[in-house]
Amino acid sequence: MRTTALVVAALLLCGLLAGCSGSEDDYCGAFEDTATEFQGLGTGDFSQAGAAFDAFDDLAAEAPDEVSDDWEVFTGQISAFQDALDEAGIDLSDLDEIADQVEQQTIPEGIDPDALEDIGVAVQALRTAEFTTASTNIRAHAEDECNLTLDGA
């Protein structure tokens, strides 16, 4: 559980942190317009996580056919993760502290143990081959078609 926030940040940073180089294409433009929301995730600042997660939905809506199925997988898993956090009443920025308590075999005060289990299941979904393949396909398409410079690659 301790690495939950780092896994999410790494997946988001390495998979999608980007800015387009002046493309007129709506999809590439959406990457450019939302790059700042991704920056904090890569540095561990989750204050913009909600905006970044919303940006994923926007990018998925703009996605060309070549990666629309990949975006569906990607946003579906991210949404499941966010839903598990919301259900538990946990903000993404609180995950490190909660993970520390769980590592000490202490259930954080006010957190339902079943909710922690649901978060664990959602995190595992972010580590599946299906999610990794979708992320890789999205990244490759963005690099090839939008001429992106990806940070953290």
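What follows is calculated from the coordinates using simple rules that are stated; it is not laboratory data. From a predicted model like this one, the values you see are computed outputs, not experimental measurements. Note that each Cβ is placed from the backbone with ideal geometry, even for glycine, and that neighbours are counted across all protein chains shown.
Neighbouring Cβ atoms within 10 Å as the yardstick, rank V121, V102 fewest first. It would help to have the intermediate numbers written out before the result.
On the way: V121 12, V102 20.
If I rank by nearby Cβ atoms, fewest first, I get V121, V102.
Applying 1/(1 + (r/R0)^6) with R0 = 35 Å to the Cβ-Cβ distance of A61 and E109, what FRET efficiency is obtained, to the nearest 0.05? Once the sixth-power term is evaluated, E becomes 0.35.
Length gain on complete extension for the stretch V121 to S93, per 0.36 nm per residue less the alpha carbon to alpha carbon distance?
Numbers: separation 28, 0.36 × 28 = 10.08 nm, distance 1.87 nm.
Extending this stretch completely gives an extra 8.2 nm.
Given R₀ = 25 Å, what would the calculated FRET efficiency be for D33 paired with E145, taking r from the Cβ atoms and rounding to 0.05? It would help to have the intermediate numbers written out before the result.
Numbers: r = 16 Å, r/R0 = 0.66.
Here the calculated transfer efficiency is 0.90.
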